[in-house]
Amino acid sequence: MQTFRTVVVGAGGISKPWFEALKAEQVEVAGVVDIKKENAEARIREFGLAAEASTELKKTLRRCKPDFVIDLTIPESHGSVTVTALKAGYPVVGEKPMASSMAEARKMVKVSLATGKMYMVSQSRRWDSNTATFHQALSSGQIGGVTAVNCDFYIGAHFGGFRDAMPSPLILDMAIHHFDLVRYFTGADPVSVYAKEYNPRGSWYKGDVAASCIFEMSNGIIFTYRGSWCAEGCHTSWHGNWRVIGDRGTVLFEQDALPHGQKVTGPNGFFSATAPVEVQPVTVEKINMHGGLCEMLAFLRDGKTPQTVCTDNIKSLAMVFSAMESSRKGRPVAITW
């Protein structure tokens, strides 16, 4: 099997599962870059790597000449790291969210297209057996055409650190997963949004950590999102609890349990006759960040376009910033990317 070399940028907490996946896929880590060189050195020691530690990306790329770059920095650094790597001639897979602004995200897409180098975003929850099973149940067509989607996300997360000080921690740091998942589940794109962010009484966050959003999606689908990161007790799944309604039935995906639902089988008085939706469990072997890495490796081997290529994933990011804009303006806004 063909092997590859990479340079990893960012050696913080999020990097550990990436290094584990790189080891599993036998990808050579040629260099680790971090603003704190000791962080890079620590990861190199932890995983027994024959890699160089550095604080300078450009020099490391010139010396290591990797096949691709992995960007695990904070969102505010994604733009500069990705653009630097793309312009140097290297494909990039980066952590979500794509960027800290739509202007920066558009620049990243533009550079990817101009250089002809792949840039994909790791939306880790796409590579998961539960979400893949739900996607399969919806794609089977048993409930007809989708008309509405609801997602509830309620977790009281005491992170500490940067999230506690973010202006919109739920929407920017977490809801990007759910907004991306609704596009994955339905194949629909966002059209507009009316959102309200707020910070509930008793919250330990500085910024607005709860929100209610109504999205209009393509094909006439309405997506309703309700969430909070300071909801104590009765937590939902981290994937969220979902209800997808079609014109011939409904499917539920709750608490990471096997999806279940009912499909219409015929008229039967006041209520239609129904039968259980047939759900075939799907097993995803390479999950989360490992799945994202494998999509990049598949692209390098055979040119298969990743499902989270930047030209598509920017639509999920647009949902994030449009929801924040709608909340600030107190009115619906059109979603563009």
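What follows is calculated from the coordinates using simple rules that are stated; it is not laboratory data. Fair warning: this is a prediction, and the values are worked out from it, not measured in the lab. Virtual Cβ from ideal backbone geometry, glycine too; neighbours counted across all protein chains shown.
Tabulated values for the structure
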item: Point-to-point label distance, Glu325-Arg62, nm (Cα→Cβ direction, 7 Å offset); result: 4.0 nm
item: Computed lengthening from Asp247 to Ser80, 0.36 nm per intervening residue step minus Cα-Cα distance; result: 55.6 nm
item: Dipole magnitude of the range 5-122 about its Cα centre (Cβ charges: Lys, Arg +1; Asp, Glu -1), debye to nearest 20; result: 440 debye
item: Cβ-based charge dipole, the range 5-122, positive-most Cα from Pro91, Leu72, Ala11; result: Pro91
item: Helix-only CD estimate at 222 nm, as mean residue ellipticity for the chain, using -39500 (n - 2.57) per DSSP H run (n ≥ 4); result: -10500 deg cm²/dmol
item: In the range 40-93, the GluC sites (Glu not before Pro) that fall in loop regions by DSSP, at most 15 other Cβ within 10 Å; result: Glu56
item: Trypsin sites (Lys or Arg not before Pro) within the range 243-337, DSSP loop, no more than 13 other Cβ atoms inside 10 Å; result: Lys304
item: Low-density loop positions, chymotrypsin sites (Phe, Trp or Tyr not before Pro), the range 243-332 - DSSP coil, at most 14 other Cβ in 10 Å; result: Phe270, Phe271
item: Only Lys, Arg (+1) and Asp, Glu (-1) charged, at Cβ; the chain dipole about Cα centre in debye; result: 820 debye
item: Cβ crowding within 10 Å averaged over residues, with 210-221, 273-284, 82-93 ranked highest first; result: 82-93, 210-221, 273-284
item: Share, in percent, of DSSP beta bridges within the chain that are antiparallel, nearest 5; result: 60 percent
item: Nitroxide proxy distance, nm - points 7 Å out along Cα→Cβ at Thr305 and Phe162; result: 3.1 nm
item: Highest-MSF residue in the chain out of Gly261, Gly303, Gly94 [GNM, Cα springs under 10 Å]; result: Gly303
item: Nearest-0.05 FRET efficiency for Ala334 and Ala114, computed from C-beta distance (R0 25 Å); result: 0.40
item: Scattering curve values for the range 91-219, log₁₀ I(q)/I(0), Debye with Cα scatterers, q = 0.09, 0.20 Å⁻¹; result: -0.34, -1.33
item: Phe47-Cys234 FRET efficiency (beta carbon distance; Förster radius 51 Å; 0.05 resolution); result: 0.85
